[in-house]
1. Within segment 217-240, track down each residue that is surrounded by fewer than 22 Cβ atoms within 10 Å (Cβ to Cβ), in a helix (DSSP H, G or I) and in contact (Cβ under 8 Å) with a residue 12 or more places away in the chain.
2. When you check residue 182 against the structure, is it outside any loop (DSSP other than H, G, I, E, B) and not assigned by TED's automatic domain parsing to the domain that holds residue 326, yes or no?
3. Only residues that are in contact with a helix residue (DSSP H, G or I) (Cβ under 8 Å, 6 or more places away or on another chain) and either closer than 17 Å to residue 234 by Cβ or not in a loop (DSSP other than H, G, I, E, B) (or both): list them for segment 131-141, please.
4. What is the number of the single condition among (1) under 29 Å from residue 129 (Cα atoms); (2) out of contact with any strand residue (DSSP E or B) (no Cβ under 7 Å at 6 or more places or on another chain); (3) part of a loop (DSSP other than H, G, I, E, B) that residue 295 does not meet?
5. Being in the same structural domain as residue 286 (by TED's automatic domain parsing), surrounded by 19 or more Cβ atoms within 10 Å (Cβ to Cβ), at pLDDT 95 or above and on the phi < 0 side of the Ramachandran plot narrows it down to one residue among 174, 197; which is it?
6. If residue 151 satisfies every condition in (1) in a loop (DSSP other than H, G, I, E, B); (2) under 16 Å from the mean Cα position of the chain (by Cα); (3) at pLDDT 95 or above; (4) not assigned by TED's automatic domain parsing to the domain that holds residue 355 but one, which is the exception?
């Protein structure tokens, strides 16, 4: 098998400092012996000079890989750099991020670049089929996060962890049609007070951690609450998102119930795009028991087996707390979750899936 020469584009800066998966992929691609990687950060101040030097050698690359950070909340590949990438003959691979916003722009971006392989975070066959129909390119579903045991490993026994329940995230935008993170925090905060549990919850951006800080926080927590990422109304058009945002401009005090009633109650044939979050994988890696809203979690984690399930109507919060207090049960659950990530979700296993897909578009000699 020939070693592939990859130009890997990222956009690392303060805005994604706490997004571990956006740092893990370039790090592990660079370490993998199957690739010779040149990683260019489009957000670095001297990026233009460095990228200019790389352009002189672009014809030597087997593929150009654009990772999630290149176009997640905003497009970092613009102007003459975009034109240069588009003009290059090497096949383009795009890891699409935040698949709930700016979707028309991201589809136009893919078409203009001539993307040959789209890597989605969704395991849904329906979502993947919609991408194929829209773009006419190869599509593969790969979780955004693989387990890195060098960072996310259990360093403290459960009994020595001072926080009973922890959580870090950001509020979900109302145009997703749910407010699950806020609801989880509110209900478990009240339950923790009744049961005398120590908690550390926050949805503030300034309270988030970098990779090693997040690993240390998880090792301070006996348990973590959480949900799947994404929502139940995938659209390539952003039609509902735009309508909700327009409504919120003139009705800024509208809450989630009003938004649900107005925009989602009569929604026909929704296509869910619920994805496995990096928080789920990393908590499993530190053997932190998870109290999660019941869902698919990429097909990897099952309620009652790999996490303590919280019903979607939140009717069993008290039971979930009771299970959290059972050290034998929690040990069994964390053992099974740990086995799942060890067997299926290590970074090398995800890179294996990427490798099988990229070699299909780089030619038989690869």
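1. Hits for segment 217-240 are 217, 240.
2. No: the conditions fail for residue 182.
3. 134, 135, 138, 139, 140, 141
4. It fails just one condition, (2).
5. 174
6. Going through (1) in a loop (DSSP other than H, G, I, E, B); (2) under 16 Å from the mean Cα position of the chain (by Cα); (3) at pLDDT 95 or above; (4) not assigned by TED's automatic domain parsing to the domain that holds residue 355 one by one, residue 151 breaks only (2).
Residues checked against (1) touching a helix residue (DSSP H, G or I) at 6+ places or on another chain (Cβ under 7 Å); (2) buried (at least 19 other Cβ atoms within 10 Å of the Cβ); (3) closer than 22 Å to residue 145 by Cα:
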| site | (1), (2), (3) |
| --- | --- |
| 260 | no, no, no |
| 276 | yes, yes, yes |
| 295 | no, yes, yes |
| 302 | no, no, yes |
| 305 | yes, no, yes |
| 311 | no, no, no |
| 319 | no, no, no |
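The values are calculated or read from the model by the stated rules, or taken from the named source; none is laboratory data. Because the structure is a prediction, the values reported are computed rather than measured. Every residue, glycine as well, gets a Cβ built from its backbone with ideal geometry; the counts of neighbours run over all protein chains shown.
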